[in-house]
Every structure is written in C-alpha cells, then in structure tokens.
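Here the structure comes first, spelled out in structure tokens, and everything after it is commentary.
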Amino acid sequence: MKKILYASFLLSITVSAQYTDINIIKEVKVKNKGVVVSAHPLASEAGAKILRQGGNAFDAVIATQLALAVVYPQAGNIGGGGFMVATTAEGKKIALDYRETAPSKASFDMYWDKEGNANVDLSQNGRLAVGVPGSISGMFETLKYAKLPFSKLIEPAIDLADKGFAITEQEAGLLNSHKADFLKNNKNKTVFVKDTDWKIGDLLIQKELAETLKRIQKSGEKEFYQGKTADLILAEMKLGNGIVQSQDLKNYKTKERKPLVFDYKGHQIVSMPFPSSGGVLLAQMLKMSAYEDLSKYQQNSTEAVQIMVEAERRAYADRAEYMGDPDFIQDKTAMLISDEYLKSRWKSYSPKLATPSKDVGNIINSNRKESTETTQVSILDKFGNAVSVTTTLNGLYGSKTVVSGAGFFLNNEMDDFSIKPGVPNMFGAVGGEANKIEPGKRMLSSMTPTLVLKDNKVKIVVGTPGGTTIPTSVFQAIVGVIDFKQNTNFSVNAPKFHHQWLPEIVTVEKNFPSATIKDLEKMGYKIDKRSQIGRTEMILIDDNKTVHAVADGRGDDSVGVE
Ligand code: DON
C-alpha cells in the first residue's frame, strides 16, 4: 500500500508481474514522512522502501542511485561519477566529490591529431572517452552517514536487474535511437540491443549487471576497484583504445570537500564547490541579479529574464577562464563570489541592451553541439537529514561502451575537460588552461546539487541534470521560490531559459512566453528554442512543516514516499 496523502496527477503504465507496474507520481504533499524524488519511479520507490525499513536519507540516496543504475541506464550509473551536498539532522554540512578522474596515461593533447585538430568523437564516444569512475566509491563514502548495511541498500537494484522491469516509452525511444551507437562502440553483444525495436512495456533484464551488483554486495567497494569488476573494466579497455589502468582504479578516492555556503536574501545556500562550477556560478548569478532585485518583477518577464541572462553571461565567462579542479589550479572561489568583484562585473549591465559577450570575457573560439544526460536525486527524511545528489555518465549512455561481462555503461566524462582551448565540449562550453587535461585531474562539472536553509532549517532540496544548463536551472528554481514567490510545482515546471556566455544565444524552452522573446530580440538578444531544459527534482518544506515534493514534468521523474 502506498502512503500518499496527495498526488496531483498519476500516470499508470500497467503490464503485469513484479516490476511492470509503474506509477509515475509528479507531486506529493506530506507531513512527518520522508520523500525521494528521482528520474524514475522504480528508483524513487527503491529509496522510499529503504526509508520505510528504517533507513535515513543517506541510506535512501545510496539505494536510489543503485536502482537508477539499473532502471535508468542513460544516466544512472556505477560507471560514472557524481556529487553529493547534504546536511545531517544535527546541522553538519557535507559535500562529497566522487567525480571521475583523468587516467594516469591521459595528456592535454590526447584528442588532437597530427595537425593539432581536436577530435570530439574520441572524447565523447568509446573507451578513450572514459574517466576513472567514482560512483561506487562515493556511495561507500556516503555509508558513513547511513544506518543500514550496504548489502541491504543494494538489494532493490539487484532485484530489478535480475527480474527485469518494463521500460517506459521514453526509454524505448532512447534505446532505439542509440542502437547504432551501441553497435559501433561495443565489440560484444549487449542487452541494450535487440533485433527488433524496443517498445513501451518491454522487459529489460540485466543478468550481467545483477551479477556485478551481487559481487559488490558480497565484497564491497574493493570488488569494483580491484576485484573481478575491475578486471572486466580493464579487459574492456584492451578491446579498443581505452587507457584506464589497474592503478587508476585502485587509486580512485572520493574527496570530502568544504561545501560552498553563501547568503541570499535571508537564506543560506549550500552548494557544490570546485571541481564543479555549479556552486560558484549559482553564487555569482544570485548575487549579481540581487543588485537589480528580481522580486520587483514577474518570473519570465522581460525585465527579470534580461537581468538573469546578463548575470549568467558574466558568470559563464568566468567559468571558461578561471574554473577547474582546485587540486591542480589556484582556487579563485573567494575572489569570484566577492561583492567587490561582482559589482565591478555588473557595472557594464544595461537594462536596455544585450551586453556583447566579448566585453565580459576573453573569447578564443566557439560553436555548439547539444546532447544531454545526467540525473538528480533529492531526498528528505523524517529525521531532518537532507541530501541532494547529481550523478552522471555525461552524455546519454556515456561513452556508449558497456563493460563486457559486467553489464554497465562507462562514462564519457573526459569531454568535460577543455580538450583544446576554445574547442567547445558537447554542451558548447569552452575553456582553457584551468580545465585542461592532466593525469589524475577531475574535469570541471556544472552539476549543482543544492540545499537552501532558512534559520538553520532545510527549506529546499534541489538539483537537475542538463550539462551547462544545470546551474541556470537551479538559479531559476531558487529565485522562483524566493523572489517570485511561486509554488514548488511552478518553480520546477515553468518554461526555462539559459545563457552561457558562448555561444552568444539565449536558449529557451519551446513554451517560453513569446512576448518576452520579442522584447529580448529588440534589445539585441538572439533566441534559440529547444524542446526541453533539465529535469529538476525539488523538495520544499514550508513554514507549517508540510513537505512539497515535485518531480519534473519533462520526463518519467517521480516522487517516492516513505
Ligand atoms: O558534469 C557535468 O557538468 C556534465 N557531465 C553533466 C552532464 C549532464 O548533465 C547531461 N544531462 N542532461
């Protein structure tokens, strides 16, 4: 029996048997119960089940991530990496960095040909695109704050992989559209390719992945980094041009970082520091937009969008110039989020005209290609722990290479480095020295798992996938609540926009208000329409302690309730 007090709309896809009954729950309001919001109903339910079994938010986030690795193979993963921002019931703030690292054999010019041209096909597809995976290490590090044993938290994922589950229409479509990529990037047969097309309700059974998860259940983290799973990853590397070595896996370590904490209009924002650019960009954008005070305007009005776009432009110019792994470059966070610096950046803002990008940053070269996939888990438990995790393979299905015999996709996170100064990555982001490839370095991310606190109590748990659109989406979700006084559902599902300095384009969702578009065009902005931006999973706790959990309406995202 599901204990849902309120669900704004339900969509049921019913086929038969155990994991074929899939309920997508978009919005829930509850009191005194934990909630889990993720990209897939079965993953949210895996987390909720762990809460019902006495686990806390940390237990639930481990179980949910593992379940996502099975039911959401496009982004859920054990072959990728991620970040966690959390606060315990006692108020301890945590930031875990389990971002992939560049293999020891990596070099700044590893994707260049003899003429010095960078080949993005190699940084995006196949074995050479793979960074050393961090997800399993991150989950074991999270265990410090959990209550239940790992062997229990991995059970739902094993069951889902073993017995199979009915795939949704979106998943069927994605698997079909990637068939050629799967065939090209794998020497051996994978379960993700069938002779006929996938369709809604088809069972996806992953026996090899189930065996991998069982080995991890039995032997722990070591199994992934030094056991049979490690051997299978290394063997997969040898099937092509992979360079991940045994010592790369053995040496992988999650890093506990100091969360980035700053104030915004009476709230305390807790977000991810470097090597994600997310927290710093969010701080820069919120602080610069506060110089104009967004609360005077309506969400998605011309005035508000222009202010936010110009804040985004200036922040992303800094991303390209200054941001990277703080263990390899000088950490400029303090300067970048200081009022003195941001006020000087904001001086060139004009409420009448678009600021040319060349006026706020050092342009090397640019053009763009698009692609997305990552995934967000937002969890709150009844004890008062709050966890936001964003995890990724980078592109959809990562490198598209599945580890033969182990059944999981490897990431293509190497493309998040600046593979050559001025050459855009798959999100159109450019960079230079700060984010160049070096052995052991972590590639700059945009992932922005974030908490908003008020009077030391958690008010918002939020995050989203979407590559470089992540920080701008989190920015919009937060000002939606704080400045525009919107409800949770609207803040998540309102049409979004995005600007990233280069290319010099404002990307908007297809249902973005046309009057605002027209006004912006008159001011000199170029507008580009895209079908969707991100998948925001948000939990808000109101003054009456009612918990509002909203799963993004753009996908199969769903809320699970304790
Ligand atoms: O770390 C990053 O910023 C990217 N690898 C995230 C990729 C992503 O969000 C794709 N999702 N839609």
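The Cβ shell under 9 Å around S357 holds other residues with a net charge of 0, Lys and Arg each +1, Asp and Glu each -1. Fully extending the segment from K163 to A180 would add 3.5 nm, taking 0.36 nm per residue of separation and subtracting the current Cα-Cα distance.
Using the Cα atoms as the points, what is the convex hull volume per residue of the range 122-190 in Å³? All intermediate terms of the calculation are to be shown ahead of the outcome.
Details: hull volume 10.5 nm³, N = 69.
Convex hull volume per residue, Cα atoms: 152 Å³.
Taking the alpha carbon gyration tensor of the chain, multiplying each eigenvalue by 5 and rooting it gives semi-axes of 33, 29, 22 Å, largest first.
Listed values for the range 248-264 are Karplus-derived 3J(HN,Hα) couplings in whole Hz (6.51 cos²θ - 1.76 cosθ + 1.60, θ = phi - 60°), namely 5, 5, 4, 7, 4, 9, 5, 10, 7, 9, 7, x, 7, 10, 8, 9, 9, and x replaces Gly and Pro.
Using the Karplus relation 6.51 cos²θ - 1.76 cosθ + 1.60 with θ = phi - 60°, the per-residue 3J(HN,Hα) values for the range 431-444 come to x, x, 4, 4, 10, 6, 6, 9, x, x, 7, 9, 6, 5 Hz, with x marking Gly and Pro.
If only the Cβ of Lys and Arg carry +1 and only the Cβ of Asp and Glu carry -1, the dipole of the chain around its Cα centre is close to 580 debye. The amide H of V423, built 1.01 Å from its N in the peptide plane, has G431 as neighbours under 5 Å, considering only residues 5 or more places off or on other chains.
Is there a pair in K179/K510; K255/K459; K199/K526; K152/K382 whose C-alpha atoms are over 30 Å apart, and which pairs would that be?
Values: K179/K510 27 Å; K255/K459 26 Å; K199/K526 38 Å; K152/K382 20 Å.
From the list (K179/K510; K255/K459; K199/K526; K152/K382), the Cα-Cα distance tops 30 Å for K199/K526.
Just need the relative contact order of the range 172-267 here, percent rounded to a whole number, with Cα pairs under 8 Å and 6+ apart.
Details: 42 pairs, mean separation 16.8, N = 96.
Across the range 172-267, relative contact order equals 17 percent.
Please give the FRET efficiency for K296 paired with S514, using the beta carbon to beta carbon distance and R0 = 30 Å, rounded to the nearest 0.05. Provide the component values of the computation, followed by the final result.
Numbers: r = 23 Å, r/R0 = 0.75.
Computed FRET efficiency for K296 and S514: 0.85.
Taking amide hydrogens as placed 1.01 Å from N in the peptide plane, the amide H of L396 sits under 5 Å from those of T372, E373, each at least 5 positions away in sequence or on another chain. For I205 and N487, the difference between the fully extended length at 0.36 nm per residue and the C-alpha to C-alpha distance is 97.6 nm. 3J(HN,Hα) along the range 321-337, derived from phi through the Karplus expression 6.51 cos²θ - 1.76 cosθ + 1.60 where θ = phi - 60°, amounts to 8, 10, 9, x, 5, x, 7, 10, 10, 5, 7, 9, 3, 4, 5, 5, 9 Hz, with x in place of Gly and Pro.
With the simple spin-label model, which puts each label point 7 Å out from Cα in the Cβ direction, the N188 to D121 separation comes to 2.6 nm. Each label was represented as a point 7 Å from its Cα along the Cα-to-Cβ direction; for K258 and Q53 these points are 3.8 nm apart.
Would you rank K184, K436 by solvent-accessible area, highest first, keeping every protein chain in place and using a 1.4 Å probe? Present the calculation step by step, with values, prior to reporting the outcome.
Working: K184 140, K436 60 Å².
Per-residue accessible area, sorted high to low, gives K184, K436.
For the chain, the fraction of 1.4 Å probe accessible surface lying on carbon and sulfur atoms is 50 percent.
Look at where the Cα atoms of the range 434-453 and of the range 525-562 average out, and the two centres are 23 Å apart.
Taking 0.36 nm per residue of sequence separation and removing the Cα-Cα distance, the N32/Q245 pair yields an extension gain of 71.9 nm.
Each label point was placed 7 Å from the Cα along the Cα-to-Cβ direction; for S531 and D455 their separation is 4.5 nm.
With runs of 4+ DSSP H residues as the only contributors, calculate the mean residue ellipticity of the chain at 222 nm using -39,500 (n - 2.57) per run, divided by the residue total and rounded to the nearest 500.
Helix contribution divided over all residues of the chain: -9000 deg cm²/dmol.
Mean sequence separation of contacting Cα pairs (under 8 Å, at least six apart), scaled by the length of the chain, corresponds to a relative contact order of 24 percent. Solvent-accessible area per residue in the chain equals 36 Å², computed with a 1.4 angstrom probe and all protein chains kept.
Between the alpha-carbon centers of the range 246-262 and the range 167-220, tell me the distance in whole angstrom. Result: 29 Å between the Cα centres.
Rounded to the nearest 0.05, the FRET efficiency derived from the C-beta distance between D197 and E340 at R0 = 41 Å is 0.10.
Both radii come from the Cα set of the range 288-442: Rg as radius of gyration, Rh as Kirkwood radius; their ratio Rg/Rh reads 1.03. Database remark: amide H of H40 closer than 5 angstrom to the amide H of S558 (H placed geometrically; neighbours at sequence offset of 5 or more, or on other chains; Pro and chain starts carry no H).
The values are calculated or read from the model by the stated rules, or taken from the named source; none is laboratory data. Given the structure is predicted, the values throughout are model-derived calculations rather than measurements. Cβ atoms come from the backbone with ideal geometry, glycine included; neighbour counts cover every protein chain shown. Quick note on the areas: whole protein, heavy atoms, side chains included, nothing else; ligands and nucleic acids left out. Shrake-Rupley method; radii C 1.70, N 1.55, O 1.52, S 1.80 Å.
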